[in-house]
Amino acid sequence: MKITVEKSALLAALTPLARIVARKPNVPILGNILMQAADGKLTVIGTDQDREVYTDAPAEVTIAGEVTLPCHTLFDFLRKVDSGSVSIEVEDGGGRAKVVAGRARVTLHTLPTADFPNIAESAATSTFSMPARDLRRPIERVAYAQSQEETRYYLCGVHVHVADGDLAFVATDGHRLGRSTIPVPNGAETLPPIILPSETVAELLKILDVEAEATVEVNDRMARFTAGPVTIVSKLVDGTYPDYRRVIPSGHDRTLKVCPKDLLGAVERVATITSERGSRVTLTIGEDGVGLATRSPEAGDSSDHLEAVEFEGDPIKIAFNSKYVTNLLSAIEGEVVEWRMTDPGAPVVIHDPSEIQTLRLLMPMGVQ
């Protein structure tokens, strides 16, 4: 194989691969990427055995062929050279490849292409296309609520399913819940309920942030997303998502309307007294506003008060994990947010009138 490719194009192709390929893999071939050159195009593939990422770059192909090269060694080398173009040539015998960029050059050991693993794919049962950023938006709206507890692996991701004529994206860790919906795209009517792993969700938020059409192909084991020159194939979480709809309150008798930025600032201020992430913040809510308080055994007490609010219902004293509140409020773009409450022990629905398709739920902590 012998090719010449623009450094910027090759770096752009390698960037999403470098995010998933291990720097110190248990199996050496998993630290390599597969490069395939033919017909004026270079295709590069990386995997961690749960996900595969494919990207393309235009190339001048003198000799077609394929090779595996150490991903991070090549990526780090290219980031440090100034040349506008890069040539890659596999030496006779295939055991080494020479990479030249201007006056800089490096010779890399290869591994057999036959050893490079691939995720066995099966036929998709649902295929649909839509603008990439329109698909990214509901994923971004709920990603904050994914669990990080591996013992509850089925919560470590985003649940996608068809419900009531919508395509719903859901995440919960048992303490908070996010649900965002879009109209079902043509072709997605047959989508089986799936759980996208957290690692795949993080990658999708990057590759879908483009002005391009995204194509999605899904069955009950795999999902393939293509946006622009990048394709990611991912295994799905093998589990059953709980019936989250049971915890969504059907009504409320207290409503707080407040500027999310004002409330976020107040929570952040009172939480500074403790070094513990996720300290308890207590909200005392009534017609005169919202009082906020937190306590640290080591440092003391902290309090604040917001008057610029609207409240309907009986006064209530309710406590939350401050980290969950700040994460949630940081994701809200509207000027006003509604907190819909019943009693201090029941879930609170946080509603942004500018995002009627998104529901956020927060479980309170016990009031001390």
Open item on the list: Being outside any strand (DSSP E or B), of a type in the set (D, E, K, R) and touching a residue at least 60 places away in the same chain (Cβ under 8 Å) is the filter here; which residues of the stretch 298-341 pass it?
Closed with: Asp314, Glu335
Open item on the list: Looking at (1) surrounded by 15 or more Cβ atoms within 10 Å (Cβ to Cβ); (2) modelled with pLDDT of 95 or more, which one does Asp134 not meet, given that it meets all the others?
Closed with: (1)
Task: Cβ-Cβ under 8 Å pairs, at least 6 apart or on other chains, the stretch 102-125 side over 15 Å from Ser234 (Cβ atoms), far side among the acidic types (Asp, Glu) and at pLDDT 95 or above - done: Thr113/Glu66
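Scan the stretch 1-10 residue by residue and report those that are part of a helix (DSSP H, G or I) and among the hydroxyl-bearing types (Ser, Thr, Tyr). Show your work before the answer.
Looking only at the stretch 1-10, we keep the residues that are part of a helix (DSSP H, G or I), and these are 7-10.
Selection gives Ser8 alone.
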Task: When residues of the stretch 342-351 are limited to those that are surrounded by 20 or more Cβ atoms within 10 Å (Cβ to Cβ) and in contact (Cβ under 8 Å) with a residue 24 or more places away in the chain, the one nearest to Lys317 (Cα to Cα) - done: Val348
- [ ] Please enumerate the residues belonging to the stretch 117-165 that are part of a loop (DSSP other than H, G, I, E, B) and in contact with a helix residue (DSSP H, G or I) (Cβ under 6 Å, 6 or more places away or on another chain).
- [x] Gln146, Ser147, Cys156
- [ ] Please work out which residue is farthest from Ser322 (Cα to Cα), limiting yourself to the stretch 216-247 and to residues that are touching a Lys or Arg at 6+ places or on another chain (Cβ under 8 Å) and either among the hydroxyl-bearing types (Ser, Thr, Tyr) or not assigned by TED's automatic domain parsing to the domain that holds Thr172 (or both).
- [x] Thr231
Task: Candidate set: the stretch 235-246, residues that are out of contact with any Phe, Trp or Tyr (no Cβ under 8 Å at 6 or more places or on another chain) and within 16 Å of Val158 (Cα to Cα); chosen: the one surrounded by the fewest Cβ atoms within 10 Å (Cβ to Cβ) - done: Asp243
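Quick grid of which residues meet (1) surrounded by fewer than 19 Cβ atoms within 10 Å (Cβ to Cβ); (2) more than 20 Å from Pro364 (Cα to Cα):
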position: Ala271; (1), (2): no, no
position: Thr284; (1), (2): yes, no
position: Glu287; (1), (2): yes, yes
position: Gly291; (1), (2): yes, no
position: Arg295; (1), (2): yes, no
position: Ser303; (1), (2): yes, no
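The values are calculated or read from the model by the stated rules, or taken from the named source; none is laboratory data. Here the structure is a predicted model, which is why all the values come from computation and not from measurement. No Cβ is skipped: glycine too gets one built from the backbone with ideal geometry, and neighbour counts run over all protein chains shown.
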